[in-house]
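I have placed the structure first, in the form of structure tokens, so that the comments after it can refer back to it.
The values are calculated or read from the model by the stated rules, or taken from the named source; none is laboratory data. Keep in mind that this is a model prediction, so the values were computed, not measured. Every residue, glycine among them, receives a Cβ derived from its backbone with ideal geometry; neighbour counts consider all protein chains shown. Heads up: the accessible areas ignore ligands, DNA and RNA and are worked out on the full protein's heavy atoms, side chains in. Shrake-Rupley method; radii C 1.70, N 1.55, O 1.52, S 1.80 Å.
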Amino acid sequence: MQRCLTLTVARHSRLVLRNKFASARHQQSAAMSGLLINQPKYSWLKELGLSEDNPGVYNGSWGGSGEVITSYCPANNEPIARVTQATMAEYEETVQKTREAWKIWADIPAPKRGEIVRQIGDALRKKIKVLGSLVALEMGKIYVEGVGEVQEYVDVCDYAVGLSRMIGGPILPSERPGHALIEQWNPVGLVGIITAFNFPVAVYGWNNAIALTCGNVCLWKGAPTTPLTSVAVSKIVAEVLEQNNLPGAICSMTCGGADIGTAMSKDERVDLVSFTGSTHVGKMVAMMVQERFGRKLLELGGNNAIIVFEDADLNLVVPSAVFASVGTAGQRCTTTRRLMLHESLHDTVVERIAKAYKQVRIGDPWDPNTMYGPLHTKQAVDQYLAAIEQAKQQGGTVVCGGKVMDRPGNYVEPTIITGLAHDAPIVHTETFVPILYVLKFKTEEEAFAWNNEVQQGLSSSIFTKDMGRVFRWLGPKGSDCGIVNVNIPTSGAEIGGAFGGEKHTGGGRESGSDSWKQYMRRSTCTINYSKDLPLAQGIKFE
């Protein structure tokens, strides 16, 4: 599902011979001494309630007796701590408890649900720096981005609090006298949330805050490679629920792999499955959910383009292209992967961006001076090398980068490749790494067509001062993406606007605007308060 790196640790039977048990304890003790959580430098992890071994199931109580996985730091590939995942029996128990908790949560008025969400936001504020540090340590993004990701969850909580007093449907004019016609919105029930490694806090937050406000309960399965973040966030949320004498199962969690994700997708008791991840896995999730006529919300891949016209302000273009292509080491769904430059300024822009790339500060993610951290896993490094080789074979020239860095961790050089055809296979492939393909175009029609010809339709940007072009770009023959920008990069989104994309990106929308409707079901209600029974459309039945 995500690029995962897990270490299976054999669980020891309580009935083994004493000498074997003693040997196992000795080996475990040696392994614990090598965990980062036991080093003074990382003692702050315990502020989040984490320890050497952590339960990976929460449904009002903590547990987990499945596979034990070790979480690794991408910056040095050293083990941080361990998490025990859910068994299928524990998944079953959690679903049952979560659905029981819904009976209590759904009866609470929406504004009071909003008050609980407000408290969750405040609890996250208190832990924002230490939780952001964990994101940097476990995912690999730089510290300021880790803190920013937690801030997104906080901001969506604020948004959801306001929403709790605004959810409503229209009262429609009825053509029948003595009748009222209204729309009623009710929660769907249980929302299953499957999130990816690259935003292990924010994406859950988008779904969780709005789903709760709408009257739903949540079951979360985070990425197998960021389980400590899932545990830490769940502890913060659980404490708020417990302080308000509410069932902890309102916000349940089951750490696990594809088996848990498959179970959630096939489970008719999970009323909505919100999946964030690759298009490949998203397609499988969609088919499993559709087979049972369930609801799905998909946030999948992006092959995003910035188009730079001859009248663009290059002082905006260069930092935008650099930020959007190397930020999070190219591991955002909104990362800029294609840079389309008008032929009149192609060479100038390439030269300036390549110069900027060489000034990117690469280092430890938790160092405040670092701008660019490691890839999340060793597998991602292999994908990076394979993509560069394919690009070369298809006619590309590496202008900048292209190598694995000689240092601990999963570090690769941010890379610029020119000379490829707009429809080269590698250009149409979303490789989740910091490789930027630079293309040269002649006309507006050509550039717009190239933007739209890839399978994904998430984010897109143009840089221009031509207002006519701006509105053509925003119009029916312009960008076919869910996010359409002008004079800003493809990455980054404000919570007030609905986030998501078209085509192979899945069509889902999260966060702002009317995305709350995806977490609710609509009923059209007719109320006859007269003593007659007129029919619609003037039909008379006598």
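Worth a mention:
- Subset of segment 145-173 [open to solvent by 40 Å² or more (accessible area, probe 1.4 Å) and not in a helix (DSSP H, G or I)]: Arg165, Met166, Ile167, Gly168, Pro170, Ile171, Leu172, Pro173
- Test: residue in segment 296-313 that is hydrophobic (A, V, I, L, M, F, W, C), over 22 Å from Thr418 (Cα atoms) and either out of contact with any Asp or Glu (no Cβ under 9 Å at 6 or more places or on another chain) or open to solvent by 20 Å² or more (accessible area, probe 1.4 Å) (or both): yes
- Selected residue (only one of Trp185, Trp206, Trp220 is under 21 Å from Tyr58 (Cβ atoms) and open to solvent by 10 Å² or more (accessible area, probe 1.4 Å)): Trp206
- Scanning segment 463-472 for residues that are in contact with an Asp or Glu (Cβ under 9 Å, 6 or more places away or on another chain) and open to solvent by less than 30 Å² (accessible area, probe 1.4 Å) returns Phe463, Thr464, Arg469.
- Picking from residues in segment 427-466 that are among the aliphatic types (A, V, I, L, M) and within 24 Å of the chain's Cα centre (by Cα), the one that is farthest from Ala312 (Cα to Cα) is Val433.
- Close pairs from segment 514-536: first on the phi > 0 side of the Ramachandran plot, partner open to solvent by 40 Å² or more (accessible area, probe 1.4 Å), Cβ under 8 Å, at least 6 apart: none
- Put simply, of Arg337, Arg352 the only residue that is in contact (Cβ under 8 Å) with a residue 60 or more places away in the chain and either closer than 25 Å to Asn451 by Cβ or open to solvent by less than 20 Å² (accessible area, probe 1.4 Å) (or both) is Arg337.
- Only residues that are out of contact with any strand residue (DSSP E or B) (no Cβ under 8 Å at 6 or more places or on another chain) and at pLDDT 95 or above were counted across segment 465-492, and they come to 9.
- Hits in segment 424-476 (condition: more than 30 Å from Gly373 (Cβ to Cβ), among the hydrophobic types (A, V, I, L, M, F, W, C) and in contact (Cβ under 8 Å) with a residue 24 or more places away in the chain): Phe441, Ala447, Phe448, Trp450, Trp473
- Boolean, Val135 is under 16 Å from Tyr42 (Cα atoms), of a type outside the set (Ser, Thr, Tyr) and touching a Phe, Trp or Tyr at 6+ places or on another chain (Cβ under 6 Å): no
- Restricting segment 188-203 to residues that are under 20 Å from Val95 (Cα atoms) and among the small types (Gly, Ala, Ser), the residue that is surrounded by the fewest Cβ atoms within 10 Å (Cβ to Cβ) is Gly189.
- Top-ranked residue in segment 502-542 [being in contact with an Asp or Glu (Cβ under 8 Å, 6 or more places away or on another chain) and β-branched (Val, Ile, Thr); ranked as nearest to Val156 (Cα to Cα)]: Thr505
- Looking only at segment 235-262, and only at residues there that are surrounded by fewer than 24 Cβ atoms within 10 Å (Cβ to Cβ), under 20 Å from the mean Cα position of the chain (by Cα) and not charged (D, E, K, R), the one that is farthest from Ile193 (Cα to Cα): Ile236
- Qualifying positions in segment 327-382 - closer than 29 Å to Ile462 by Cβ and polar (S, T, N, Q): Thr328, Gln331, Thr334, Thr335, Thr336, Ser344, Thr348, Gln359
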